[in-house]
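*Asks:* Sharing a structure below in structure tokens format, with a few things to ask.
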Amino acid sequence: QIRDSVTRAEEHTAGEIVPMIVHASSPKGHLAGLLCFFLIATFDLVFFILLSRFEFANVIGIQIAIVLVSFALGFSLAKLDSIQRLLTPKSDRHHSAIVRAELEFHRSQIRATHSHTGVLLFVSLMERQAVVLADEKIGKKLNSHSWDAVLKTLTDGLGKKDFADGFSKAIEQTGMILKDHFPAHEHSNNDLPNDLQIRD
């Protein structure tokens, strides 16, 4: 469905649209340690409250159990997207999505198109963020606000978890924007794949 949407949109424009979805953009190696520390502190607080009321014969054994359980829970919870989102500020999620989009823009050779009219429609799932990046020739004619409606369509698709519909509508909108400024001509090339690009 997404590939067909790109093909239809590019029939009317010299622009080239690349839809891409990634699992996550934010660094998350620190989250397991943060969760472990939080869980140990929480369990210890509960334990010492109970310690004042009851007699525990094996305090050291219980403390070791708390550490082991905290590590097991911390590393398991850190793998969940919902937990990663909760522990990553929105501003950081937004920034990480932009940085990842810029990286993928270069990795995918979008800047290397013949006419410099490539557009990346980028969605990062964990962060629930969408980014639109356009090559320099498009950037000279269209400012960042030109893509506001496209971004809203992508984020609406994220919210509904209907990625195919969200991307298809966003691609159609992008094609409409591009054809007014960069109409198709006989020398238009298709330098980039029309398929949805999926990254980890």
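The values are calculated or read from the model by the stated rules, or taken from the named source; none is laboratory data. Because the structure is a prediction, the values reported are computed rather than measured. FYI the Cβ positions are ideal-geometry reconstructions off the backbone, even for glycines, and counts take in every protein chain you see. Note: areas computed on protein heavy atoms with side chains; ligands, DNA, RNA excluded. Shrake-Rupley method; radii C 1.70, N 1.55, O 1.52, S 1.80 Å.
*Asks:* I want to verify the translational diffusion coefficient of the range 60-117 in µm²/s; compute it with Stokes-Einstein, Rh as the Kirkwood radius over Cα pairs, at 10 °C and 1.306 mPa s.
*Replies:* Result for D is 106 µm²/s.
*Asks:* Related question: Tell me the per residue accessible area of the chain using a 1.4 Å probe; a whole number in Å² is fine. Walk me through the numbers before you get to the answer.
*Replies:* On the way: 11480 Å² over 200 residues.
Heavy-atom accessible area per residue stands at 57 Å².
*Asks:* Let me ask something else. With all distinct Cα pairs included, what does the Kirkwood hydrodynamic radius of the range 132-200 come out to in Å, to one decimal, could you say? Spell out each step's value before the answer.
*Replies:* On the way: mean 1/r = 0.0742 Å⁻¹.
About 13.5 Å for the range 132-200.
*Asks:* Taking H placed 1.01 Å from N in the peptide plane, check which residues at least 5 places from Q129 or on another chain put their amide H under 5 Å from its amide H.
*Replies:* For Q129, the qualifying residues are S124.
*Asks:* Something else about it: Accessible surface of I49 in the full protein assembly, 1.4 angstrom probe, to the nearest 10 Å²?
*Replies:* Per-residue accessible area (I49): approximately 80 Å².
*Asks:* Report, as a whole number in µm² per second, the diffusion coefficient that Stokes-Einstein gives for the range 53-167 at 4 °C and 1.567 mPa s using the Kirkwood radius over alpha carbon pairs. Walk me through the numbers on the way to the answer.
*Replies:* Details: Rh = 17.4 Å.
Rounded, D is 74 µm²/s.
*Asks:* Quick one: pull the percent of accessible area on the chain belonging to carbon and sulfur, 1.4 Å probe, ligands and nucleic acids left out.
*Replies:* Details: 6890 of 11480 Å².
Reported share for carbon and sulfur atoms: 60 percent.
*Asks:* Taking the alpha-carbon distance from K28 and a cut-off under 20 Å, which aspartates and glutamates remain once sequence neighbours fewer than 8 residues away in the same chain are dropped?
*Replies:* The qualifying aspartates and glutamates are D81, D92, E102, E104, E127, D200.
*Asks:* Any idea how many Lys pairs in the range 73-200 come in under 24 angstrom at the alpha carbon, given 8 or more places apart or on separate chains?
*Replies:* 21
*Asks:* Kindly rank 71-79, 129-137, 21-29 from highest to lowest mean number of other beta carbons found within 10 Å of each residue.
*Replies:* Highest-to-lowest ranking by the protection proxy: 129-137, 21-29, 71-79.
*Asks:* Which residue, chosen from L133, L77, F47, occupies the Cα position most advanced towards the positive end of the dipole of the range 28-147, where the dipole is computed from +1 (Lys, Arg) and -1 (Asp, Glu) charges on Cβ about the Cα centre?
*Replies:* Selected residue: L133.
*Asks:* Then there's this: Show that you can apply the helix-only estimate: for the chain, add -39,500 (n - 2.57) for every DSSP H stretch of four or more residues, divide by all residues, and state [θ] at 222 nm to the nearest 500.
*Replies:* That calculation yields -17500 deg cm²/dmol at 222 nm.
*Asks:* Compute the projected area of the convex hull of the Cα atoms of the range 1-56, averaged over all viewing directions, and report it in nm² to one decimal place. Present the calculation step by step, with values, prior to reporting the outcome.
*Replies:* Working: hull surface 30.0 nm².
The number I arrive at for the range 1-56 is 7.5 nm².
*Asks:* Taking only Cα atoms, what is the 0 to 90° angle, nearest 10, from helix 31-51's long axis to the longest principal axis of the chain?
*Replies:* 30
*Asks:* Order of 174-181, 33-40 by packing, highest average Cβ count within 10 Å first?
*Replies:* 174-181, 33-40
*Asks:* Residues with beta-carbon under 13 Å from that of L35, excluding L35: net charge, scoring Lys, Arg +1 and Asp, Glu -1?
*Replies:* Result for the local shell: +2.
*Asks:* Would you report the distance distribution of C-alpha pairs in the range 110-166 as whole percents per 10 angstrom bin, up to the bin with the largest distance?
*Replies:* Per 10 Å bin, starting at 0, the Cα pair percentages come out as 24, 45, 28, 4.
*Asks:* Each label point is 7 Å from the Cα along the Cα-to-Cβ direction; what then is the distance between the points at A112 and S82, in nm?
*Replies:* Reported label-point gap for A112 and S82 is 4.2 nm.
*Asks:* Rounded to the nearest angstrom and ordered from largest down, what semi-axes does the equivalent ellipsoid of the range 1-108 get from its C-alpha gyration tensor (root of 5λ)?
*Replies:* 49, 12, 10
*Asks:* Can I ask one more? For the chain, what size does the Cα cloud have along each of its three principal axes, sorted from largest down, in whole Å?
*Replies:* That gives 85, 29, 27 Å along the principal axes, largest extent first.
*Asks:* Post the alpha-carbon centroid distance, the range 76-92 to the range 1-21, in whole angstrom.
*Replies:* So the separation of the two Cα centres works out to 32 Å.
*Asks:* State, in angstrom, two size descriptors of the range 32-75 derived from its alpha carbons: Rg to one decimal place and Dmax to the nearest whole number.
*Replies:* Every Cα atom of the range 32-75 included, Rg and Dmax give 10.8, 32 Å.
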